[in-house]
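Take a look at the structure set out below.
The values are calculated or read from the model by the stated rules, or taken from the named source; none is laboratory data. Computed from a prediction, not measured in an experiment: that's the story for all the values here. FYI the Cβ positions are ideal-geometry reconstructions off the backbone, even for glycines, and counts take in every protein chain you see. Heads up: the accessible areas ignore ligands, DNA and RNA and are worked out on the full protein's heavy atoms, side chains in. Shrake-Rupley method; radii C 1.70, N 1.55, O 1.52, S 1.80 Å.
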Amino acid sequence: MSLVLQRIADTREALVGALAERNWEAIGELDLACRSCMEDVMAEASLDEEALRDNLEELLHVYKQLLEVAMGERQAIVDEMSQITQAQNAAKVYHLFG
């Protein structure tokens, strides 16, 4: 396996681990590493296309999971903020009539 393909695989595994831990800082750093890997892929001419396709499909799967988790986390924050706003409004009404 070429060095570039190994870097993609290593970065993908690190992303899976960071996602499992919900370590968003590490995910951000690993995303930048993935971008660097993609630049290296474009620069390297002699890659096994089938192995590259397999690695990129696996990486795409991890990114799909990442998006699903991020959207779920975002929705949880939206729900929590909505509950806080409702509680603040209830407190205002209570103080108004209390």
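Can you pull out the residues in segment 15-55 that are open to solvent by 40 Å² or more (accessible area, probe 1.4 Å), aliphatic (A, V, I, L, M) and either under 20 Å from Arg74 (Cα atoms) or in a helix (DSSP H, G or I) (or both)? Across segment 15-55, the qualifying residues are Val16, Ala20, Leu32, Met38, Met42, Ala43.
Residues in segment 77-88 that are open to solvent by 80 Å² or more (accessible area, probe 1.4 Å) and farther than 30 Å from Glu21 by Cβ: Gln86, Gln88.
Looking at Arg74, is it open to solvent by 60 Å² or more (accessible area, probe 1.4 Å) and more than 28 Å from Arg7 (Cα to Cα)? Working first, answer last.
Numbers: open to solvent by 60 Å² or more (accessible area, probe 1.4 Å): yes; more than 28 Å from Arg7 (Cα to Cα): yes.
Taking the combined requirement at face value, the residue satisfies it.
Scan segment 60-70 and give yes if some residue there is aliphatic (A, V, I, L, M), modelled with pLDDT of 95 or more and under 16 Å from Ala9 (Cβ atoms), otherwise no. Within segment 60-70, one or more residues are aliphatic (A, V, I, L, M), modelled with pLDDT of 95 or more and under 16 Å from Ala9 (Cβ atoms).
Of all the criteria given as (1) open to solvent by 90 Å² or more (accessible area, probe 1.4 Å); (2) at pLDDT below 95; (3) in a helix (DSSP H, G or I), the one not satisfied by Ile8 is (1).
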